[in-house]
Amino acid sequence: MKTADFDFDLPDDRIALRPAEPRDSARLLVVRNGALEDRIVRDLPDFLRPGDALVFNDTRVIPARLSGVRERIGPEGETLTVAVEATLHHRDAPDVWSAFMKPGKRIKAGDRIRFGAQADGGCLLGRLDATVTGKGEDGLVTLRFDLDGPFLDEAIRDVGVMPLPPYIAAKRAEDDRDRSDYQTMFAHWDGSVAAPTAGLHFTPALMAAVEAKGVSTHAVTLHVGAGTFLPVKADDTADHRMHSEWGEVSVATAAALNAVRAAGGRIVCVGTTSLRLLESATTPEGEVRPFHGDTAIFITPGYRFRAADVLLTNFHLPKSTLFMLVSAFAGLETMKAAYAHAVQDGYRFYSYGDGSLLFRNDA
């Protein structure tokens with residue numbers, strides 16, 4: 001399909017810069033059988049049935065945006081420096097991360113990078129050093145840090161900032177409030193550089209209402225990479241390459257979800273991250289299997305869904321892989337109509353925005 005098929009007009013003022021308060025007071029557009037219904041996130045239990053399973057992503061966002069300087073020895077033996085910024089993407093080893101760097105064209109293998117806050121005297125506070133060991137054609141740079149394991153994790157927490165999406169970061173600076181706002185109540189395992197944003201809508205009160213409805217809750221883990229922010233540059237979706245992300249579906253969770261399906265219950269995915277992971281872990285016959293490793297699944301219209309029956313998700317960017325996914329799930333024309341309604345009716349878009357509840361359209 002053509003990438004242009006997934007374009008739509010979005011006024012700039014529809015981009016949410018802060019989440020709703022309380023979180024479950026965000027608006028919810030219900031899309032079912034081509035019909036649209038305006039509700040609120042806390043109404044979610046009204047659309048669930050006893051025996052359904054709610055699946056959320058329990059990844060935790062790390063402060064994955066690092067600023068520093070690149071050091072290189074010049075032709076006269078002098079040290080040449082330039083300011084750089086890295087957004088961590090995927091952990092490749094205890095001391096190695098792949099990252100997107102700015103300015104990327106100035107980075108090459110062998111460069112030393114010193115991350116940390118620049119002090120007035122020119123020194124770096126809370127310094128964290130790394131060596132560039134590789135540079136891929138896809139824009140990813142491989143960084144081998146001087147620390148590893150939990151020592152590296154602690155250093156990243158000290159020098160990094162929360163990696164707000166570029167459409168928010170372009171409008172305001174990250175602040176202390178984002179440390180909690182950009183984290184779901186389910187967050188448990190460190191590793192994401194972007195929040196599974198559908199989970200941001202949940203509160204303890206909403207979870208209690210879901211469970212009171214007789215709906216079981218289950219956790220999977222997908223560490224979201226920075227590639228989720230990248231635009232689709234190819235004219236044809238078949239030419240787009242997804243960056244891999246690490247995920248895990250436990251033996252117990254796989255067994256529980258299979259039991260739910262066998263009993264006639266529905267799998268309700270909280271966010272595209274949990275959906276993509278479950279689809280990666282499910283056989284063509286519909287059996288959810290334990291999963292541990294990377295996935296680069298790319299879902300576009302024509303995909304046959306194996307696991308997810310219902311999807312709770314936010315509103316996504318034009319021509320993005322996530323708008324392609326929801327179009328595959330509920331139908332392209334249906335989603336174009338839904339998004340047009342959302343724009344017209346003042347829904348808030350993207351990470352801190354409102355939500356939509358989509359029922360799968362197998363047609």
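The values are calculated or read from the model by the stated rules, or taken from the named source; none is laboratory data. It should be emphasised that the depicted structure is a prediction, and the values quoted were computed from it without experimental measurement. Ideal geometry is used to build each Cβ from the backbone, glycine not excepted, and the neighbour counts take in all protein chains shown. What goes into the accessible areas is simple: the full protein's heavy atoms, side chains included, and nothing from ligands, DNA or RNA. Shrake-Rupley method; radii C 1.70, N 1.55, O 1.52, S 1.80 Å.
Note on segment 27-63: residues that are among the hydrophobic types (A, V, I, L, M, F, W, C), over 11 Å from residue 358 (Cα atoms) and open to solvent by 30 Å² or more (accessible area, probe 1.4 Å) total 1.
Condition check ((1) open to solvent by less than 40 Å² (accessible area, probe 1.4 Å); (2) in contact with a helix residue (DSSP H, G or I) (Cβ under 7 Å, 6 or more places away or on another chain); (3) at pLDDT below 95; (4) in a strand (DSSP E or B)) across all residues:
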residue: 72; (1), (2), (3), (4): no, no, yes, yes
residue: 75; (1), (2), (3), (4): no, no, yes, no
residue: 83; (1), (2), (3), (4): no, no, yes, yes
residue: 87; (1), (2), (3), (4): yes, yes, yes, yes
residue: 92; (1), (2), (3), (4): no, no, yes, yes
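Only residues that are among the basic types (Lys, Arg) and closer than 24 Å to residue 288 by Cα were counted across segment 214-245, and they come to 0. Restricting the search to helices (runs of 4 or more DSSP H) fully inside segment 105-222 and requiring at least 1 residues that are of a type in the set (Ser, Thr, Tyr) and surrounded by 21 or more Cβ atoms within 10 Å (Cβ to Cβ) gives an empty result. Scanning segment 223-238 for residues that are in a helix (DSSP H, G or I) and farther than 30 Å from residue 48 by Cα turns up 226, 227, 229, 237, 238. Taking segment 1-57 as the range and being within 30 Å of residue 247 (Cβ to Cβ), of a type in the set (Asp, Glu) and touching a strand residue (DSSP E or B) at 6+ places or on another chain (Cβ under 6 Å) as the test, only 52 passes. Of all the listed residues (220, 215, 260), the sole one being among the aliphatic types (A, V, I, L, M), within 26 Å of residue 47 (Cβ to Cβ), touching a residue at least 40 places away in the same chain (Cβ under 8 Å) and touching a Pro at 6+ places or on another chain (Cβ under 8 Å) is 215.
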